[in-house]
Amino acid sequence: MKIFRKYIFPPIFGLLIYFTLRLLHDTDTDTHFWRRSWTLNSIEMGFSILTGYAGIYLFERLFKYFDSRWSLQFSYHGVVRELTILVFSNLILVNLIMTPMVALTDDGLSWADFVEICMIPTLYAIIYYGIARSSTYMKAYVDNKIKLEKVTNDHLETELKFLKSQYHPHFLFNALNTIYFQMDDDLPGAKNSIEKFSELLRYQLYDQQHQVPVINEIEYLQSFIDLQKIRSSDKLQMEVSFDRCLKEQLVYPLLFLPLVENAFKFIGGNYGLIINARLADDEIIFNVENSVPSFEQPVIRKGGIGLENLKRRLDLLYPQKHQLCIKTTDETYSAELKFKYE
C-alpha cells in the first residue's frame, strides 16, 4: 500500500489531471489530441506526471505540517484553514509546471486554458484532501471522544468520592454523640457500641469495592440499626425485615444508609419505624417509614445532606434505572427506593 501511494498513485493522479484538461480543451476546440504528434503528447504527459509527483509530495508535506502545528480536531474552521493553504500551494505548483507547458504547445496560452489549469487541479486536490484526511480526522474524532469520556468519568468518579466522603462526618457525629451519652449510664454498653462503631467504620473505610453483594449492605445496616437503637426512646416500635433472597446481588454501597439515618433523626409521634427490603424480579425495593411529631411540617425534611447526596449518587450510578419516592402525611414519613441490580 505504501509503495502504491508513493510510486504508482502520483503518476496516475497527474495523468488524470492531464486527460481531464485535454478532454475540456478538445471539446471546446473540436479537436482530438490522439491525432497530434505523439512526441508532443509524451512531453505533455511527462510534465503531467511530474506535476502528480510534485503535487502528492506537496500534499503529504502539508499534512505533516498541519498535524505538527495544530491539534487534530475536526472543525469547520480547521478544514477551511487547511484547504485554503493547500489550494493556494497547489495553484502555485501547477502554474509553475503546467502553464509554461501549455504556453509552448498548440496555439499558446489563452484565458480559457489558464482558467482550466487553475480549476481542474484544484478540484482534484480538494477531492484528494477529502479522501486522505478523512482517516486522520476520524482517528482524531475517536481519540477526542475517548479523552472526553475519560474526563467525564474522572469527574464523575471524583464527585462520587466527594459525595461518599460527606457521609462519614455526618455518620461520625451521630455515632459519637450516641456513645458519649451512653458512657454516663452504661459503660459496658458503651464499650460494645464502640466495637460496633469500629466495625461500621471498617466497612466504610476498607470494604469499599466498586460494587458489593447486597448482603454486605444489609449486615452493615443491621449494625447501624443496633447502634441507633441504643440512643432511641423506649417508646420505639420498630419492625425490620430483609428478604432472604437478598444475598449476592451487586449494588453500590451506602445507598440505604441515608434513608435509615433520616428516619432515626426525625422519628416522633408514636415512635413507629418500619424498615424492609425485598427482591422483585430484577429490582431491589427498599422501604423506610417512620412516624413524625404532629407539629412537624413535611417541608422541613426536603433538604439535608444525606438525602441530597443520595439523589445525586443515584443519578450518577443508576441513570434511568432507579426510582426514589418520598411521601409525607400528618403522621408518617415514608421513602421507597427501587433500582435495578446486577
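The values are calculated or read from the model by the stated rules, or taken from the named source; none is laboratory data. Predicted model, so just to flag it, every value in this text is computed and none were measured. In this analysis, Cβ positions are derived from the backbone assuming ideal geometry, glycine residues included, and neighbour counts consider all displayed protein chains.
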*asked:* If residue 296 satisfies all but one of (1) modelled with pLDDT of 90 or more; (2) closer than 28 Å to residue 173 by Cβ; (3) charged (D, E, K, R), what's the number of the condition it fails?
replied: (1)
*Residue check for residue 227: under 22 Å from residue 307 (Cα atoms), touching a Lys or Arg at 6+ places or on another chain (Cβ under 7 Å) and either not assigned by TED's automatic domain parsing to the domain that holds residue 308 or not in a helix (DSSP H, G or I) (or both)*: no
*Filter the stretch 107-144 down to residues that are surrounded by 14 or more Cβ atoms within 10 Å (Cβ to Cβ) and of a type in the set (Lys, Arg), then give me how many there are.*
1
*Quick check: is even one residue across the stretch 187-199 of a type in the set (S, T, N, Q) and in contact (Cβ under 8 Å) with a residue 40 or more places away in the chain?*
no
*Checklist (1) at pLDDT 90 or above; (2) in contact with a Leu (Cβ under 9 Å, 6 or more places away or on another chain); (3) not in a helix (DSSP H, G or I) applied to residue 259, failing item*: (3)
*asked:* Suppose the filter is more than 28 Å from the chain's Cα centre (by Cα), in the same structural domain as residue 104 (by TED's automatic domain parsing), in a helix (DSSP H, G or I) and at pLDDT below 85; does residue 44 pass it?
replied: yes
_For the stretch 280-290, check the following and say yes or no: at least one residue is more than 27 Å from the chain's Cα centre (by Cα), closer than 30 Å to residue 184 by Cα and modelled with pLDDT of 85 or more._
yes
*What about residue 273, is it among the hydrophobic types (A, V, I, L, M, F, W, C), out of contact with any Pro (no Cβ under 7 Å at 6 or more places or on another chain) and not in a loop (DSSP other than H, G, I, E, B)?*
yes
